[in-house]
Amino acid sequence: MEDKKDIFILAIESSCDETAAAIVKNGRDVLSNVISSQIDLHTLYGGVVPEIASRKHIEAIDGVITQALQEAGLALNDVDAIGVTYGPGLVGALLVGLAEAKALAFAAGKPLIGVHHIEGHICANYIENKNLEPPYMALVVSGGHSHLVYVSDYGKYEILGRTRDDAAGEAYDKVARAIGMGYPGGPKIDAAAKKGNPNAVRFPRVFLEEDSYDFSFSGLKSAVLNYVNKQKMMGEDIVPEDIAASFQQSVVEVLVGKTIKAAKDRGVAKIALAGGVASNSTLREKMKNACEKEGFILSIPSPILCTDNAAMIGCAAYYEYLAGVRDGLDLNANPSLRLGDR
C-alpha cells in the first residue's frame with residue numbers, strides 16, 4: 001500500500017503587530033515558526049498604531065518567510081499550499097500578509113488558503129496535543145476577542161458566547177494603563193498579580209443572564225477605574241499589585257465559570273484554551289484546577305503558541321486543505337470576519 005503523502009503548508013500571519021511565517025507538516029508537526037514582534041515599538045505609544053504596524057510588516061515579511069523555509073530545509077516549490085490570515089485584524093496589516101501570500105501562490109503555482117485568525121488560535125491546540133480531536137469546548141481570549149466556541153469537527157465552529165463590550169485582553173490593557181503599568185497590559189498585570197492579594201478589593205463578577213454564555217468586562221473595567229479615582233480623591237494609598245490581583249481574579253472566575261458551564265451543557269469531555277490571554281498564568285492554573293475537579297480533559301498550548309504566530313495558521317490551513325478549500329487571487333482582507341464565515 002502506498003504511503004500517504006506528507007502535506008507541507010507555508011503559513012503567513014500579519015493580523016496585528018507580529019509578522020510571522022511557519023512551515024507545518026501534516027497539520028501538527030511544526031518544522032519552523034518564525035516571529036518578528038513589534039511590541040517594543042508600539043509600547044512607546046501605549047498600544048498598537050495600525051499605520052506603523054503595516055509599514056513594519058512590509059519591512060519584515062520577506063525575511064521571516066525566507067528564514068522559515070531555511071529552518072525547515074525546504075524551498076518554496078516543496079510546499080503544497082500557502083495559508084494566510086485574511087481576517088479578522090487590522091486591515092492594513094492583514095493586506096500585507098495577504099498580498100505576499102497571493103504573490104507567492106501565483107509565482108509558484110500553489111493553492112492559496114485563507115485562514116480565520118481565531119480558527120488559527122483554536123487549532124494551536126493540535127500542535128502540541130497530538131491526541132486532541134473534536135468535539136470539545138474552546139475558550140478564545142485575546143486582546144480583541146472573548147469567545148466560547150463549540151468545536152464539533154475540524155473547521156466546524158459554533159459560537160455560543162462572545163463579549164458584549166470589551167474583550168478580556170482589552171480590559172487588561174485599560175486597567176494596566178489606569179494603575180500605571182503601561183502596555184502591554186496582559187503580561188504586566190499577570191506579573192504584578194503574583195505579588196498582590198486577590199482578595200484585597202472585591203470587584204464585580206459579571207455573569208449576565210443565567211443562561212447566557214456571553215461576556216462583559218466593561219463594567220469591571222469601570223469599577224477598577226472608579227476605585228482608583230476614589231482612592232486618589234480620598235488621599236488613600238493605591239497598591240497596584242493588589243488591584244491587579246483582584247481584577248485578574250474577577251476576570252478569571254467568569255472565564256472559567258462560563259467555560260465549565262458550557263462544556264457541561266454541551267456534554268463534551270474536553271476543553272481547550274486559545275488566544276493571547278490563554279498564556280495568563282492564573283487563568284491556566286484556575287482552569288486546570290476546575291477541569292480536574294469537574295472531570296474534563298484540558299488542552300492549553302505553550303505561551304508562544306497562544307500569542308500570534310504562523311504555526312497555528314498552518315495547522316488551520318492544513319485542515320482547510322484536506323476539506324478542499326481553495327481561494328482565488330481575488331481573496332480580500334476582512335477585518336471583521338466572523339468565525340465560520342467564508
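Scan (1) crowded, with 22+ Cβ neighbours inside 10 Å; (2) over 22 Å from residue 331 (Cα atoms); (3) modelled with pLDDT of 95 or more for the single condition residue 78 breaks and write down its number.
Residue 78 satisfies all of (1) crowded, with 22+ Cβ neighbours inside 10 Å; (2) over 22 Å from residue 331 (Cα atoms); (3) modelled with pLDDT of 95 or more except (1).
So which residues in the stretch 34-57 are surrounded by fewer than 17 Cβ atoms within 10 Å (Cβ to Cβ), small (Gly, Ala, Ser) and touching a strand residue (DSSP E or B) at 6+ places or on another chain (Cβ under 9 Å), if there are any at all?
37
Take the stretch 313-342 and flag every residue that is touching a strand residue (DSSP E or B) at 6+ places or on another chain (Cβ under 8 Å), within 24 Å of residue 6 (Cα to Cα) and surrounded by 15 or more Cβ atoms within 10 Å (Cβ to Cβ).
Once the filter is applied, which keeps residues that are touching a strand residue (DSSP E or B) at 6+ places or on another chain (Cβ under 8 Å), within 24 Å of residue 6 (Cα to Cα) and surrounded by 15 or more Cβ atoms within 10 Å (Cβ to Cβ), the stretch 313-342 yields 313, 314, 315, 316, 317, 318, 320, 321, 325, 327.
Among the numbered conditions (1) out of contact with any Pro (no Cβ under 8 Å at 6 or more places or on another chain); (2) under 24 Å from residue 138 (Cβ atoms); (3) in a helix (DSSP H, G or I), tell me where residue 222 comes up short.
(2)
Mind counting the residues in the stretch 100-127 that are aliphatic (A, V, I, L, M), in contact with a helix residue (DSSP H, G or I) (Cβ under 9 Å, 6 or more places away or on another chain) and either part of a helix (DSSP H, G or I) or surrounded by 24 or more Cβ atoms within 10 Å (Cβ to Cβ) (or both)?
Total satisfying the criteria: 8.
Does any residue of the stretch 291-308 turn out to be touching a residue at least 40 places away in the same chain (Cβ under 8 Å), in a helix (DSSP H, G or I) and of a type in the set (Asp, Glu)?
Checked the stretch 291-308: no residue is touching a residue at least 40 places away in the same chain (Cβ under 8 Å), in a helix (DSSP H, G or I) and of a type in the set (Asp, Glu).
Filtering the stretch 128-173 down to residues that are outside any strand (DSSP E or B) and of a type in the set (A, V, I, L, M, F, W, C), which residue is farthest from residue 263 (Cα to Cα)?
171
From 151, 115, grab the single residue that is aliphatic (A, V, I, L, M), at pLDDT 95 or above, in contact with a Ser or Thr (Cβ under 7 Å, 6 or more places away or on another chain) and closer than 26 Å to residue 333 by Cβ.
That would be 115, the only listed residue that is aliphatic (A, V, I, L, M), at pLDDT 95 or above, in contact with a Ser or Thr (Cβ under 7 Å, 6 or more places away or on another chain) and closer than 26 Å to residue 333 by Cβ.
Just need a number here: residues in the stretch 65-75 that are surrounded by 24 or more Cβ atoms within 10 Å (Cβ to Cβ) and either out of contact with any strand residue (DSSP E or B) (no Cβ under 6 Å at 6 or more places or on another chain) or under 12 Å from residue 14 (Cβ atoms) (or both).
Qualifying residue count for the region: 1.
Report yes if some residue within the stretch 48-57 is within 20 Å of residue 124 (Cα to Cα) and of a type outside the set (Lys, Arg); otherwise report no.
So far as the stretch 48-57 goes, no, none of its residues is within 20 Å of residue 124 (Cα to Cα) and of a type outside the set (Lys, Arg).
Using beta carbons and a limit of 9 Å, which pairs, at least six apart or on different chains, have the first residue in the stretch 253-271 and over 18 Å from residue 209 (Cβ atoms) and the second one basic (Lys, Arg) and modelled with pLDDT of 95 or more?
Pairs that qualify, where the first residue is over 18 Å from residue 209 (Cβ atoms) and the partner is basic (Lys, Arg) and modelled with pLDDT of 95 or more, are 256/286; 263/270.
Considering 47, 87, which residue is under 26 Å from residue 274 (Cα atoms) and either modelled with pLDDT of 95 or more or in contact with a Cys (Cβ under 6 Å, 6 or more places away or on another chain) (or both)?
The conditions single out 87.
Can you tell me which residue among 186, 144, 155 is surrounded by 23 or more Cβ atoms within 10 Å (Cβ to Cβ), within 23 Å of residue 87 (Cβ to Cβ) and in contact (Cβ under 8 Å) with a residue 24 or more places away in the chain?
Criteria check complete, one pass: 186.
Consider residue 288 against the criteria (1) among the charged types (D, E, K, R); (2) modelled with pLDDT under 95; (3) part of a helix (DSSP H, G or I): it satisfies all of them except one. Which criterion is unmet?
(2)
Are any residues in the stretch 206-229 touching a Gly at 6+ places or on another chain (Cβ under 8 Å) and of a type in the set (Val, Ile, Thr), and if so, which ones?
Matches in the stretch 206-229: 206 only.
Just name the residue that is surrounded by the fewest Cβ atoms within 10 Å (Cβ to Cβ) out of those in the stretch 3-33 that are of a type in the set (Ser, Thr, Tyr) and touching a Leu at 6+ places or on another chain (Cβ under 7 Å).
Across the stretch 3-33, the extreme among qualifying residues is 15.
The values are calculated or read from the model by the stated rules, or taken from the named source; none is laboratory data. Just so it is clear, the model here is predicted, and its values are computed rather than measured. Using ideal geometry, Cβ is built from the backbone for each residue, glycine included, and neighbour counts are taken over all protein chains shown.
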